[in-house]
Structure formats: C-alpha cells, structure tokens
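The values are calculated or read from the model by the stated rules, or taken from the named source; none is laboratory data. Model, not experiment: these values are computed from the prediction. With ideal geometry, Cβ positions are generated from the backbone for all residues, glycine too; neighbour counts draw on all protein chains shown. Note: areas computed on protein heavy atoms with side chains; ligands, DNA, RNA excluded. Shrake-Rupley method; radii C 1.70, N 1.55, O 1.52, S 1.80 Å.
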Amino acid sequence: MLKKIFWRLRLEARRLWVRAAIISALALIAAALAPLSNLLPFPVVDAIDPDALSRLLDILTGSMLAVTTFSLSVMVTAHLSADKNVTPRSHRLLTEDSRTHTVLATFIGAFIYALALTVMLNAGVLKETELAAVYFMTAGVIAFVAIALLRWVAHLAGLGSFEATTRRVEERVTRTLSDRAPFLGGAPLDGNGTIPADAAEVHAAQYGFLQNIDTAALSEWATETGGLVWVASLPGSWIDRGEVILRARAETFTEEDETRLRGAVAIGDVRVWDQDPAFPMIVAAEIAERALSPGINDPRTAIDVIGRLGRLIGGLERETAPDEIAAPGVFVPAMATARLVRETLDPIARDGAGFVEVQMAVQRALGHLALHRDPAIAEAARETSRRALAYAADGLLLRDDIDRVTAAAIARGPAATAGEDAEQPGQEGIEPGGTARA
C-alpha cells in the first residue's frame, strides 16, 4: 500500500501547481533566513537600502505577472491545438511536460515570492538590519528567472507541433520500456503450469483501465501467508466491475486478504503510461491517423510516425525472467508484443489506403519486423502485411502503385476481404529483404 501511495504521489507531482507551490515556498525560506543578514559584513548590510529592495520586488512582481499570464495563454493554446490537430491523448502527454512545468512554476513562484516579501516588508516583519540576505536571495531569484526565460523561448519553438509531439511520444515509450521490469518484477506466468482450480479469485470493484500493479505488495502478501498470486490482466486492459484481476492461493484466504490484494491494483478512468508501453505507441499511431485525415492530409507525418513505430517495436526484446526475481510468489503474463503491431501499424495502413507512399512505408516497416527475434512480433507483422495489401488493393487507383506495394510486401498476397470464401493460398511465404515470392 505504501508503494501505491508513492505511485499516486508521483502522478500528482506531475501537475503544474505542485512545482509552483514548491518554488513559491522560497518566500517563507527567505523570511526565515533574513536574520542571517547579521552575519554579513557591516558595509554590505549598511549598503542595502530598503527602498532599493522594495523597487526590486515591485519590478519582479509586475514583470512576472505579465510573463506568467502570457506563458499560460501560450501553453493553453498549444495544448488545445495538439488536442484538436494531433490527438486528444497527446494533450495529456503535453500536460506532463516537465520543462514546461518547471518554467511556468518558476514564473508563478517568483511572482508569489515577490508578492509575499512585499507584504512582509510593508508590514514590518522584516527589519532593516535583516534585508541584506533577502536582497541577495531576490537577486538569485531574478537570475533563476532569466535562465527560465531563455529555456522557455527555446522550448516555445516546437510546443504543440506534430514533430515535437511525436518526438515526445517516442521518448515516453523509450522511458516506459526502460523503467518497466520484465514481468513487472514477478515470475513469468507461462511455463509455471496451470493455475490451481482452488485458487481464490480477486474481483475488480469498479470499471476502468488497469493502471498499475504493485507486484511488491503482492509479493509481500505471498511471503507472509506462504501463498502465490497470479496476475490475470496487464496494465492498459479495460476492466469490468466484478472481473477477475488476480488469483491467489494460500492455506487460509479471507475477505481481508482479498481487500489487501485488491488494494495493490490501481484502476482508473484513463490509461496511464507508467506500466503500459502500448499506450504511448497507440497515441503515436493516432497522430499518424489524424495526419491522414482529409482535413490535414499530411502523409509525410504518417511516414515519420511509421518509422518511429518500426524503430520502437523492432528494438523490443522478448521478455525473459531475470536471474533474481524481485517479486517472488507473483506470476505475471508476458507483455502482448503482437498487439503492438496490430494496434499501431494496422490502423495506419487502413487510413492510408489511398497513399502509395504510406503503404510502401508500412510494408517496409513490417518487412523489418517480420524478421524480429520475437516470434509473436514476426507473425503479427506477416499478418498485418497481408491486411495492408488488402487495404492498398482497395484504396489505390493505379495498377503500377499496387504492384509496387505488392513487391515491397513481406506477404505473398492480401488478406481475404469481405465476400471471399477462402484465404488466398500461400500467404505466409517470406522472402528475405521483404520481397514477395512469385
């Protein structure tokens, strides 16, 4: 439960107001450090004029109010533009942008800092002999604001754009995959036999997406009771109320045990990125789909996304159990890598059926993935290649374009379309390099 609380706190820490509140606390720290002015050399203390500090705070208050208002309007405009023109899910990613949060928190915090010290100064809380430390701290805040302004100007160049958003999505996928332990720290479910028939079922208490599984808490329960826990669904899955999310076995299994195990699984109304690398990949695919819409008509952006997805999926390693299990007693199914191919490249091939350049890019990516070390990814790539050929045959007008896509495909023929009685024969053949066999 403690780890789950920390996970919730980490989600809250990504909100803008948290960083702004932390930086705003500088005003109280400055007031607390004001008596340290007595430790400074007397010439320095005597040289600080209260009016000079007041003017400095006035400048900081007025300028930060204007800069904060302008920056917030720019941020809101960029987020709404991304929500409308890129994909609504990318908006959630942009709202977690650490650089934007840090810069805006600096502006807001500096404004509150100057405003609070102005009130303290006018109320006589700060003595004249204690103003030197406050003055130098204010100068430090101004330097910090100047650095933040320079970073903000550089960051504004791509805020909310297609390219910057897709790059941010790719970075999120990479970070999620690097942070995600194999089998979430547990042991692989496959290869450990069938789940005992007498294993107790833990049911979900609400509808929503499975967001996080605290395998450490599950392992702690298993160690204390001498039991075992089997995870039924991975983060990112939609869960119905009453659906089985865990199965557990122990000598005695009570309602308190069920409540404790259920508390180790977080379910919410939206998908989150932390343990669900498929979600940011789907967001990237949505960016490509939106780019292919008639209102935007930007196939080159879709091709860029296809390249990024091919690179991300191609870099995946098949999950293998580590030598030392971090969460013993907990068995977790392997990540469904085949779904990553079907849920990303297949929709792009469908929506880009009329663009020969998009179909060529899809087939090139699938040809590379068909040679992947993970058999599930390779098989999904071959099947998606067949489906993409069917989309191309239906969407492209010129026979020459269809022939080009067919030659680049890893599959020998398209998938069966509606109304066909049987699959076309020999569709599973592969030639190295992605060339169709005659």
Going by the alpha-carbon gyration tensor, a ≥ b ≥ c the square roots of its eigenvalues, is segment 179-251 rounded (a/c under 1.5) or, if a/c is not under 1.5, prolate (a/b greater than b/c) versus oblate?
oblate
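Would you please classify the overall shape of segment 131-192 from the alpha carbon gyration tensor, given that a ≥ b ≥ c denote the square roots of the eigenvalues, rounded means a/c under 1.5, and beyond that prolate means a/b larger than b/c while oblate covers the rest? Present the calculation step by step, with values, prior to reporting the outcome.
Working: a/c = 8.89, a/b = 1.98, b/c = 4.49.
Taking the square roots of the gyration eigenvalues as a ≥ b ≥ c, segment 131-192 is oblate.
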Acute angle (nearest 10 degrees) that the helix 375-395 long axis makes with the longest principal axis of the chain, alpha-carbon atoms
80 degrees
Förster-model FRET efficiency, 25 Å R0, Leu398 and Asn297, C-beta, rounded to 0.05
0.85
Rounded, prolate or oblate: which fits segment 186-328, taking a ≥ b ≥ c as square roots of the Cα gyration tensor eigenvalues, rounded meaning a/c under 1.5, else prolate when a/b beats b/c?
prolate
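So what are segment 338-401's ellipsoid semi-axes, whole angstrom, largest first, if each one is the square root of 5 times an eigenvalue of the alpha-carbon gyration tensor?
After diagonalising the Cα gyration tensor, the semi-axes are 21, 11, 8 Å.
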Quick check: Cα centre of segment 302-319 to Cα centre of segment 122-143, how many Å?
54 Å
Quick one, can you get me the convex hull of the C-alpha atoms of segment 271-368 expressed as volume per residue in Å³?
103 Å³
For the chain, the dipole about the Cα centre with charges only on Cβ (Lys and Arg +1, Asp and Glu -1), to the nearest 20 debye, works out at 900 debye
Output the relative contact order of the chain, whole-number percent, from Cα pairs under 8 angstrom with separation of 6+ residues.
14 percent
Give me the percent of the accessible area of the chain that comes from carbon and sulfur atoms, probe 1.4 Å, all protein chains in place.
58 percent
Per residue, accessible area of the chain with a 1.4 Å probe, heavy atoms of protein chains only, in Å², comes to 48 Å²
Report the accessible area of Thr68, computed with a 1.4 Å probe over the heavy atoms of all protein chains in place, in Å² rounded to the nearest 10.
20 Å²
Over 20 Å intervals from 0, what percent of Cα-Cα pairs in the chain sits in each interval?
21, 39, 29, 10, 1
Using a Gaussian network model on the chain with a 10 Å cutoff between Cα atoms, which of Glu317, Glu170, Glu289 fluctuates the most?
Glu317
